[in-house]
1. State which residue pairs qualify: first residue under 21 Å from SER257 (Cβ atoms) and inside region 325-339, second residue assigned to a helix (DSSP H, G or I) and aliphatic (A, V, I, L, M) in any location, beta carbons under 6 Å apart, and separation of 6 or more residues or different chains.
2. Can you name every residue in region 364-380 that is over 12 Å from PRO296 (Cα atoms) and in contact (Cβ under 8 Å) with a residue 24 or more places away in the chain?
3. Those residues that are β-branched (Val, Ile, Thr) and either part of a helix (DSSP H, G or I) or over 21 Å from GLY200 (Cβ atoms) (or both), I need them from region 240-270; list them, please.
4. Kindly indicate the residue of region 91-124 that is in a helix (DSSP H, G or I) and among the acidic types (Asp, Glu) and also farthest from GLU170 (Cα to Cα) among those meeting that condition.
5. Going by what's in this entry, would ARG282 be described as charged (D, E, K, R), under 30 Å from the mean Cα position of the chain (by Cα) and surrounded by 12 or more Cβ atoms within 10 Å (Cβ to Cβ)?
6. State all residues of region 195-220 that are farther than 21 Å from ARG294 by Cα and surrounded by fewer than 18 Cβ atoms within 10 Å (Cβ to Cβ); if no residue qualifies, say none.
7. Within region 41-51, identify whether any single residue is modelled with pLDDT of 75 or more and among the hydrophobic types (A, V, I, L, M, F, W, C), and answer yes or no.
8. Do we find that THR149 is among the β-branched types (Val, Ile, Thr), more than 24 Å from VAL61 (Cα to Cα), outside the structural domain of ASP218 (by TED's automatic domain parsing) and at pLDDT 85 or above in this structure?
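The values are calculated or read from the model by the stated rules, or taken from the named source; none is laboratory data. Fair warning: this is a prediction, and the values are worked out from it, not measured in the lab. Heads up, the Cβs are rebuilt from the backbone with ideal geometry, glycines too, and the neighbour counts pull from every protein chain shown.
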Amino acid sequence: MKRAILLIPALIGLGVLLTGSFIAVVERTNTLGFCISCHEMQSTVYQDYRHTAHYTNGSGVQAICSDCHVPKAWGPKLIAKIKASKDVWHWLLGTINTPEKFEARRLEMASRVWDFLKATDSATCRSCHNFDKIDWSKQARFAARIHKTAIAEKKTCIDCHKGIAHRLPEQEKKVAKAEKADLDMEYADEINMTCTPCHGEFGQGKADGTYPRLAGLDARYIAAQLRHFKSKKRLNIPMFPYATERELPEEDVLLISAYLENIKLPSKLPPVNEKKFNALNRLRKASQMLNVARYPGNIIAGGRLYGRECAGCHGKKGEGNRERIIPPLTGQHSGYIKRQIRKFSLGKRLHDSPEDAAIFKSFGTGEIDDILAWLSVQDDK
């Protein structure tokens, strides 16, 4: 009897030891080091993640893999770990042990994560981000509007934030390429002849911003604007004679959009090679160069304001976001951007939402000039 009694503390101690060991092992599998310990993760999704604000940011608060992929509560956490055990099996099989194999299955793997987040109302996101605790006055103006709309429409984080930590699968991007027509270069040149008097031979637009640069813009964005002109959803008097079904049928919309996207305009001339200098070639290259003139304004202040208000959609350097069909601002004529901002503020052109008109009105003229000044020097780098 005494021995049995003496065994109880030993058994309790063993239970505590085993439980503690189990918890320690589970928590070890939640570390960043463990998650990227195999080359499949180290060379792929980790490389995406380390360039995002979740990895490094001004506050120094880092969200690691488990913060997004593993539930915090122990029950759901254990279920997630059991489901994840198949990853070990696929690692042994070599299912994704090459970049080609990984990319082929990226959409399948990403879809599982998206489905999980959708089903849990993005619970892991909400463990850090809480709508109830947001001070709207401290959010960027457009971000505040978008988040308030998301709350009203009962959206969850992943509805808008796919690709926030890892680049989107190629299969997702192929949807973006579906509207591109096979280029009939001869016919495309003929269509472009109609555009040339206003937009220039190379789609470079006018330096004063009367007409925008079209060269290099995403084909889907150009096509969408042409359809808006045709439907009169976007009113533009100079486009009236050309934006008709007779003058610009859908197949021509796709063709000219893809043609313009393929035009790449350098922002700098290459160094002169004195031994092989050809004045005519140099002149032709100069005619294809587009470098936006320095716009008057405070570049430093403009950079800070741009980073807060615009970078989330239009890119850190104003490069746009092709995956979301958001146009670049860097390399576009300052006068044209300023005119569009005025149209947005007056409701003459729709931004993302009718509510955005009031947001654009809230910007002072000096703020807009500062942003344009910062954008105007980005193509100098």
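1. Matching pairs, first to second residue: LEU329/LEU375; THR330/LEU375.
2. Passing the criteria: GLN378, ASP379, ASP380.
3. Quick first cut of region 240-270, residues β-branched (Val, Ile, Thr) only: 244, 253, 256, 263.
Of everything in region 240-270, those that are β-branched (Val, Ile, Thr) and either part of a helix (DSSP H, G or I) or over 21 Å from GLY200 (Cβ atoms) (or both) turn out to be THR244, VAL253, ILE256.
4. Residues of region 91-124 that are in a helix (DSSP H, G or I), as a first pass: 91-93, 99-119, 123-124.
So of that shortlist, the ones also among the acidic types (Asp, Glu) come out as 100, 103, 108, 115.
Values: GLU100: 11, GLU103: 7, GLU108: 11, ASP115: 18 Å.
Ranking the candidates gives ASP115 first.
5. Criteria not met by ARG282.
6. CYS195, THR196, PRO197, CYS198, GLU201, listed by residue number.
7. Going through region 41-51, the residues modelled with pLDDT of 75 or more turn out to be 41-51.
Those left that are additionally among the hydrophobic types (A, V, I, L, M, F, W, C): 41, 45.
Yes: region 41-51 contains one or more residues that are modelled with pLDDT of 75 or more and among the hydrophobic types (A, V, I, L, M, F, W, C).
8. Numbers: among the β-branched types (Val, Ile, Thr): yes; more than 24 Å from VAL61 (Cα to Cα): yes; outside the structural domain of ASP218 (by TED's automatic domain parsing): yes; at pLDDT 85 or above: yes.
So THR149 passes the test.
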